[in-house]
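Below: one structure, written as structure tokens.
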Amino acid sequence: MWKQFIGKLSWKAMKSSSGGGGGAGSPLAKMPPPLPLPRENGAAGKPSASPPPPLAGAGAEVRSREEAFIQKVNICCAVYDFSDRGKDSPEKERKRQMLMSLVDCIGAAEEPLTETMIAACVRMFAANLFRVFPPKVRSGTTASETEEDEPFFDPSWYHLQVVYEFLLRFVTSPLVDAKVARKYVDNSFFSKLLDLFDSDDPRERDCLKTILHRIYGKFMGNRPFIRKAVSNIFYRFVFETDHHNGIAELLEVFGSVISGFAKPLKEEHKLFLWKALIPLHKPKSVGVYLPQLTYCITQFIEKEPKLAGTVIRGLLKYWPVTNSQKEMMFLGELEEVLELTDMAEFQKCMVPLFRRIASCLNSSHFQVAERALFLWNNEHLFDMISQNRQVILPIIYPALERNTRWHWNQSVLNVTMNVRKMFHDLDERLLLTCQNNFEEEEEKRVATEERRRLMWEQLERSAARGYHQPVIVADVSFPPPPSSARLVAPTVT
């Protein structure tokens, strides 16, 4: 009697909590009612005459919750063609409503997701997200020339946005056990997820950026593979394809990753800087992602100041020769790197560095020359230059003197005079010595050019005389070959 009474109470409480007491916004209210339990005699589909005991009712509720969740996930695994908006409209809307219901469920859930539910979710993510992008029709223009064009918006973003929201909730939810999820969210999943960064839709890349950052924080055992996979993306971009849409987003994620590296840096991380990040200065489209790249590199230098010399040598290795806009970008990044460089590292690379700066000072592009001259406005850099002026001034003085004599731009001429005055106030004797050396070298150069001019004039006169008065060479007869000798045709080897 007591057992029947207690069973009725628990049955009513379960019905009230799953039906009217949950509210319209609760996830359980949106799920279908629990499936009827089979009778003891094996007849299915009819409710039992007596209510089940409390423990059996709780287990049935868990099973029905899991079955309803998986049923919704399976419905969302269906993939539709979104290029035609009028095709399969009811099914598309039903799928979207199911996706939104799943997002609410995982956000308001109080019990951990079972392994079966996690596997179903990962299967749904793969079915909706992992796809082959359509081939890109590109003209001869580079990415830097077309970066101001209107971006491409995926017509299926109406549904993909909800899938990405569900994936973000799935990754950040404390109810998803990372150890269980690693069975299904494996390296293959991460590799395909990273391939999506090449999407033309900037909204998708922005969602992927947030999700990758959360994944890197939760799945710590997969961090080495993620770093290696991203390095491979950079390698293919620099040395093979020369085009990728998501380099800026990947660098933005790794900016926060690098800031979390422990000191001292591992050798693996230093190789990532030298082999993956520094070669990113090579492509023509470096301006698209240069701010993110500069931030990553400065984070390395802040972690280990000795890497400043490595970075400067890398910049000199990939320094542009014919691209003035890119050269101005390099000068801006170089100034940020030099602000973090100490004296010991500066002295190791100052000779090749200021040879390159001297070449920029004499650039016919006035913005490049002006940007190089503005380096002297940096107090930290000017302090290091002043302490090493015995080495630096003889390198750059000829470039300063040529600007004052022959540069066509008045602004460059004025800034050059200001820099020259700085050195004059700093060490007048050294400046005069450099000036005398420049005058001597200039006299030698003029004398050499004069000798070369006279030599060419003499050659021209000799050639003219030889053309009008040909030289008659005496007839020289060659002896005939002996009669016994065989004439053999030459063979081609």
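Label separation (W157 vs S256): 2.1 nm, computed from points 7 Å beyond Cα along the C-beta direction.
Coupling constants for segment 181-194 follow from the phi torsions by the Karplus curve (6.51 cos²θ - 1.76 cosθ + 1.60, θ = phi - 60°), and in residue order they are 5, 5, 5, 10, 8, 9, 5, 5, 5, 5, 5, 5, 5, 5 Hz; glycine and proline get x.
Rounded to the nearest Hz, the phi-derived 3J(HN,Hα) couplings of segment 99-108 under the Karplus curve 6.51 cos²θ - 1.76 cosθ + 1.60 (θ = phi - 60°) are 4, 5, 5, 5, 4, 5, 4, 6, x, 10, where x marks glycine and proline.
Roughly to the nearest percent, how much of the accessible area of segment 310-466 is carbon and sulfur, given a 1.4 Å probe?
The C+S portion of the solvent-accessible surface of segment 310-466 is 51 percent.
Using the Cβ of V162 as centre and a radius below 10 Å, the other residues enclosed give a net charge of +1, where K and R count +1 and D and E count -1. Computed extension length for S89-A126: 11.1 nm, one decimal, from 0.36 nm per residue of separation with the Cα-Cα distance subtracted.
Taking the centroid of alpha carbons for each part, segment 63-136 and segment 178-208 are 16 Å apart. Taking the average, over residues, of other Cβ atoms within 10 Å as the packing measure, peptides 290-298, 76-84 rank 290-298, 76-84 from highest down.
Work out, step by step, the length gained on full extension between T172 and M422: first 0.36 nm times the residue separation, then minus their alpha carbon distance; give nm to one decimal. Kindly include the intermediate steps, with their values, before the conclusion.
On the way: separation 250, 0.36 × 250 = 90.00 nm, distance 5.69 nm.
Length gained between T172 and M422: 84.3 nm.
When peptides 150-158, 266-274 are ranked by their average number of other Cβ atoms within 10 Å per residue, the highest-first order is 266-274, 150-158. Using the Cα gyration tensor of segment 226-381, with a ≥ b ≥ c the square roots of its eigenvalues, what is the shape: rounded (a/c below 1.5), prolate (a/b larger than b/c) or oblate (neither)? Cα axes put segment 226-381 in the oblate bin.
Between R355 and Y80, the simple label model (points 7 Å from Cα in the Cβ direction) yields a spacing of 6.6 nm.
Between E439 and H380, the simple spin-label model (points 7 angstrom out along Cα→Cβ) gives 4.0 nm.
Using the Karplus relation 6.51 cos²θ - 1.76 cosθ + 1.60 with θ = phi - 60°, the per-residue 3J(HN,Hα) values for segment 222-233 come to 9, 4, x, 5, 5, 4, 5, 5, 5, 4, 5, 4 Hz, with x marking Gly and Pro. With a ≥ b ≥ c the root eigenvalues of the C-alpha gyration tensor of segment 178-280, is it rounded (a/c under 1.5), prolate (a/b larger than b/c) or oblate? Oblate is the answer for segment 178-280, as a/c is 1.5 or above yet b/c matches or exceeds a/b.
For K183, the aspartates and glutamates whose Cα comes closer than 15 Å to its Cα, not counting residues fewer than 8 places off in the same chain, are E115. In terms of the mean number of neighbouring beta-carbon atoms within 10 Å, the peptides 419-431, 101-113 order highest first as 101-113, 419-431.
The values are calculated or read from the model by the stated rules, or taken from the named source; none is laboratory data. All of these numbers come straight from a predicted model, not from anything done at the bench. Positions of Cβ are generated from backbone atoms using ideal geometry, with glycine treated the same way; all protein chains shown enter the neighbour counts. Calculation scope for accessible area: heavy atoms of the full protein, side chains included, ligands and nucleic acids excluded. Shrake-Rupley method; radii C 1.70, N 1.55, O 1.52, S 1.80 Å.
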